[in-house]
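The next block holds one structure in the form of structure tokens; read it before the comments.
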Amino acid sequence: MSKVKDYYKTLGISKSSSKDEIKKAYRDLARKYHPDLNPDNKNAEEKFKEIQEAYEVLYDDQKRQQYDAFGSTGFNSQPRGGPGFSSSYTYSGDIPSFDEIFKDIFSYAGGQGGPFRQQTRGRSDKLNDLFGNFGRGAGFSEQKPKNTQHEITVDFNTAIKGGTKDLTINSRDTRGKQKSEKLSVKIPPGVDTGSKIRIQGKGEQIGNKRGDLILKVKVQTHKIFRREKNNIVIDLPVTFYEAALGTKVDVPTIDGNARMVIPPGVQNGSKLRLKNKGVKNIKTGKNGDQYVIIKIVMPDKIDKNVLDKLEEIKNSNPYNPRKDFEQFT
């Protein structure tokens, strides 16, 4: 016994669908499964044959009425003699060309003498025109390729100085198949977390058109440097001897070491500036500054002789750093 086929389910429509809805569903599926878009894909070809069979039955009023009454098995059975029943329909299995499926679109695009009938043009050109240029006039909603987004992580130095980064992006081709694409992306100097880099023509593809690829940047943290807009900030450990007496030290910057003067008596948390040692502004071309935060670090162990000398200094030069607290005690 032949299996009953659900033609409505095949086209993804309801039993109350109109002829226009049947045609639209058929064309949408044809764009996805037609063998011209899926060369050497037997599964797609068989799927399209099922779609074609369902369409041939449901789009014909008489055949649809018969199908609703007796189901798909009635078409290939022997005559039952019932009133209004006919077993005349047998699906041929032939695959119509795109010209046949979209003949009203081809007519809109130029008729018999139009661009779709020129023998010098290939099938792929016809499909690109069909889905890329004439969608709106033929009753399709014109599809514009979307921009796609991808997040990339960039190391701190590359973000500051610029460079290149290799990455692999996944996308879908015009047949809906996923593909991987390797890109070498130029990172402009000065990008920061949240910056966006646009790569033209590497986004979603529809027909012969592609959207853009938008790369959202995330910058890795650095062990020493912190970034505040176009300024660089570091914490500089100094001994309490250096803080008291003052000194000169080599300070790391994004351009190498720079000599800095630590004034005598500098306070913990003081902020010193190295002018023009920050990040170059992409728009103005001017550099930010580098700020050095003083962090006074005590030694792990203090020799007794040092403690005795510190005691002498304390007695000879006493001071009260908490005098402002006295009013609250």
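The values are calculated or read from the model by the stated rules, or taken from the named source; none is laboratory data. Please read these numbers as outputs of a predicted model, since none were measured by experiment. Neighbour counts run over all protein chains shown; Cβ positions are idealised from the backbone, glycine included.
Here's the yes/no breakdown for (1) more than 30 Å from I254 (Cβ to Cβ); (2) surrounded by 10 or more Cβ atoms within 10 Å (Cβ to Cβ):
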| residue | (1), (2) |
| --- | --- |
| D289 | no, yes |
| I294 | no, yes |
| V306 | yes, yes |
| E311 | yes, yes |
| N320 | yes, no |
| D324 | yes, no |
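The rows are residues; the columns are (1) within 16 Å of G278 (Cβ to Cβ); (2) aliphatic (A, V, I, L, M).
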position: H222; (1), (2): yes, no
position: K229; (1), (2): yes, no
position: A243; (1), (2): no, yes
position: G246; (1), (2): no, no
position: D255; (1), (2): yes, no
position: P263; (1), (2): no, no
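With the structure loaded, tell me whether F240 is surrounded by 15 or more Cβ atoms within 10 Å (Cβ to Cβ) and farther than 30 Å from H34 by Cβ or whether it fails that test.
So F240 fails the test.
What number of residues within region 292-329 are part of a strand (DSSP E or B) and either of a type in the set (A, V, I, L, M) or over 23 Å from G246 (Cβ atoms) (or both)?
Residues that pass the stated criteria total 5.
Can you confirm whether K196 is under 17 Å from the mean Cα position of the chain (by Cα), in contact (Cβ under 8 Å) with a residue 60 or more places away in the chain and exposed (fewer than 14 other Cβ atoms within 10 Å of the Cβ)?
No, not satisfied.
Among the residues that make up region 270-278, is at least one of them surrounded by fewer than 14 Cβ atoms within 10 Å (Cβ to Cβ), outside any strand (DSSP E or B), in contact with a strand residue (DSSP E or B) (Cβ under 7 Å, 6 or more places away or on another chain) and not charged (D, E, K, R)?
Yes, there is a match, as at least one residue in region 270-278 is surrounded by fewer than 14 Cβ atoms within 10 Å (Cβ to Cβ), outside any strand (DSSP E or B), in contact with a strand residue (DSSP E or B) (Cβ under 7 Å, 6 or more places away or on another chain) and not charged (D, E, K, R).
For a quick check of your reading of the model, give me the residue pairs whose first member lies in region 220-246 and is within 18 Å of G269 (Cβ to Cβ), whose second is among the basic types (K, R), with beta-carbon atoms closer than 6 Å and at least 6 apart or on different chains.
V233/R226; D235/K295; P237/K295
Looking only at region 161-171, decide whether some residue is part of a helix (DSSP H, G or I), at pLDDT 85 or above and surrounded by 14 or more Cβ atoms within 10 Å (Cβ to Cβ).
Yes.
So D36 ticks every box in (1) without any contact (Cβ under 8 Å) to a residue 60 or more places away in the chain; (2) within 31 Å of the chain's Cα centre (by Cα); (3) over 10 Å from A54 (Cβ atoms) but one. Which box is left unticked?
Every condition holds for D36 apart from (1).
Tell me yes or no: at least one residue of region 17-37 is part of a loop (DSSP other than H, G, I, E, B), modelled with pLDDT of 90 or more and either surrounded by 15 or more Cβ atoms within 10 Å (Cβ to Cβ) or among the basic types (K, R) (or both).
Yes.
Name the residue that is modelled with the lowest pLDDT, counting only residues in region 279-291 that are out of contact with any helix residue (DSSP H, G or I) (no Cβ under 8 Å at 6 or more places or on another chain) and in a loop (DSSP other than H, G, I, E, B).
The residue in question is I282.
Could you count how many residues in region 199-225 are loosely packed, with under 11 Cβ neighbours inside 10 Å and aromatic (F, W, Y)?
Within region 199-225, residues that are loosely packed, with under 11 Cβ neighbours inside 10 Å and aromatic (F, W, Y) number 0.
Being closer than 30 Å to D192 by Cβ and out of contact with any helix residue (DSSP H, G or I) (no Cβ under 7 Å at 6 or more places or on another chain), is that true of even one residue in region 295-310?
Yes, the conditions are met somewhere in region 295-310.
Sort out which residues of region 124-160 are modelled with pLDDT of 85 or more and among the aromatic types (F, W, Y), and write them in order of number.
F156
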